[in-house]
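K.L.:
One structure, as structure tokens, below. Some questions next.
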């Protein structure tokens, strides 16, 4: 560590958006530092399905995706709590890759491009003073001209800064838990399944090396009424969908314990806070059932990189950088987020979900339109 260095850019959080942003800035020749509280490689709660819109971008960073022999996913299966099943093609499609692999490969690329990657380094606060940022961490104080936040769905910084979504009252948008397993099972490699249950849904799709990602989201109430036991929650709630019961009982769990996250919020967020450009989930989230959070994170990093580059070249002011990034983010993602919230409203109560899936089966054109609206174009 060298806390005497003035960095061009400091990035808080080493998820997809943070790593991708650091690589882009370093490739442009900027002195870049990235802080990650964990040590790579590690697991994250994530559906691990990425829309094909992100494939060209990831390869442009230097990631050789074809070398990992990843499953290409072209079909979607949706089941309702009563067991009704819908199958449809995914026109754009996607691919499966674990965050354990993907994040670690991006970290290696970042280091190749001379990004200073500070692992196991927690950021306690950021102070903006006289056109510079001072980042207070467990490894010392660092300074930079630009600071970007890519610290996920909810962090201690969000709480410390009292961001508005943190103080929102519990509602159907901001009190969720996520649980992820890697499993060994016998399912089609080209299909992603979305199984609904009371107040939640579970996605299953193949990733690399003959593994499948099983990740579900539900509200905190479902967990609390099962004595805060994940095992009880699964048996008492998820198993009510016969497809999920069969999947859980017939599969082999590959992780010692599930990866979990709590207090997930889908409430609206700001894209700039105290001159810090926010990317990925820190800037705003699409509901996981739409399956495009990772693509949005990667795309947001590309938007941020462009404006940061112009600012560091003195082509635009800091105010212009912030406003242009915020406006562009809204233009690219606001409609997708809104569509996700609308779709989310049809999943939760069993009777509504049952009816919605039945309706989707009768109206394939409507189903394809919904899928299209929650996906973007290659960037």
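K.L.:
Among (1) part of a helix (DSSP H, G or I); (2) surrounded by fewer than 19 Cβ atoms within 10 Å (Cβ to Cβ); (3) in contact (Cβ under 8 Å) with a residue 24 or more places away in the chain; (4) more than 19 Å from the chain's Cα centre (by Cα), which single condition is residue 355 missing?
P.N.:
Among (1) part of a helix (DSSP H, G or I); (2) surrounded by fewer than 19 Cβ atoms within 10 Å (Cβ to Cβ); (3) in contact (Cβ under 8 Å) with a residue 24 or more places away in the chain; (4) more than 19 Å from the chain's Cα centre (by Cα), residue 355 violates only (3).
K.L.:
If you don't mind, there's one more thing I want to ask. Could you list, in sequence order, the residues of segment 79-103 that are more than 22 Å from the chain's Cα centre (by Cα) and crowded, with 23+ Cβ neighbours inside 10 Å?
P.N.:
79, 80, 81
K.L.:
Just to confirm my filter: which strands (runs of 3 or more DSSP E) fall fully inside segment 69-147 and include at least 1 residues that are modelled with pLDDT of 95 or more and more than 30 Å from residue 290 (Cα to Cα)?
P.N.:
116-118, 123-129, 132-137
K.L.:
Name the residues in segment 1-27 that are part of a loop (DSSP other than H, G, I, E, B) and either surrounded by 17 or more Cβ atoms within 10 Å (Cβ to Cβ) or without any contact (Cβ under 8 Å) to a residue 24 or more places away in the chain (or both), would you?
P.N.:
2, 4, 13, 14, 15, listed by residue number.
K.L.:
To continue, here is another question. Condition first: over 17 Å from the mean Cα position of the chain (by Cα) and assigned to a helix (DSSP H, G or I). Can you find one or more residues in segment 289-305 that meet it?
P.N.:
yes
K.L.:
Continuing with the same structure: Restricting segment 337-352 to residues that are touching a residue at least 12 places away in the same chain (Cβ under 8 Å) and in a helix (DSSP H, G or I), which is surrounded by the most Cβ atoms within 10 Å (Cβ to Cβ)?
P.N.:
My answer is 340.
K.L.:
Taking residue 159 as the residue in question, decide whether it is assigned to a helix (DSSP H, G or I) and either more than 21 Å from the chain's Cα centre (by Cα) or at pLDDT 80 or above (or both).
P.N.:
Yes, satisfied.
K.L.:
Here's something else I'd like to know. Of the conditions (1) surrounded by 15 or more Cβ atoms within 10 Å (Cβ to Cβ); (2) in contact with a strand residue (DSSP E or B) (Cβ under 6 Å, 6 or more places away or on another chain), residue 266 satisfies every one except a single condition; which number is it?
P.N.:
In the conditions (1) surrounded by 15 or more Cβ atoms within 10 Å (Cβ to Cβ); (2) in contact with a strand residue (DSSP E or B) (Cβ under 6 Å, 6 or more places away or on another chain), residue 266 misses (2) alone.
K.L.:
Now for a different question. Looking for something part of a loop (DSSP other than H, G, I, E, B), in contact (Cβ under 8 Å) with a residue 40 or more places away in the chain, closer than 30 Å to residue 372 by Cα and more than 15 Å from the chain's Cα centre (by Cα) - is there at least one such residue anywhere in segment 51-67?
P.N.:
So far as segment 51-67 goes, yes, one or more of its residues are part of a loop (DSSP other than H, G, I, E, B), in contact (Cβ under 8 Å) with a residue 40 or more places away in the chain, closer than 30 Å to residue 372 by Cα and more than 15 Å from the chain's Cα centre (by Cα).
K.L.:
Among the residues in segment 320-330, are any in a helix (DSSP H, G or I), more than 30 Å from residue 222 (Cβ to Cβ) and more than 26 Å from the chain's Cα centre (by Cα)?
P.N.:
yes
K.L.:
Give the residues of segment 358-379 that are at pLDDT below 75 and in a helix (DSSP H, G or I), sorted by residue number.
P.N.:
The one that is at pLDDT below 75 and in a helix (DSSP H, G or I): 373.
The values are calculated or read from the model by the stated rules, or taken from the named source; none is laboratory data. In this text the structure is predicted, and so the values were computed from the model without any measurement. Every residue, glycine as well, gets a Cβ built from its backbone with ideal geometry; the counts of neighbours run over all protein chains shown.
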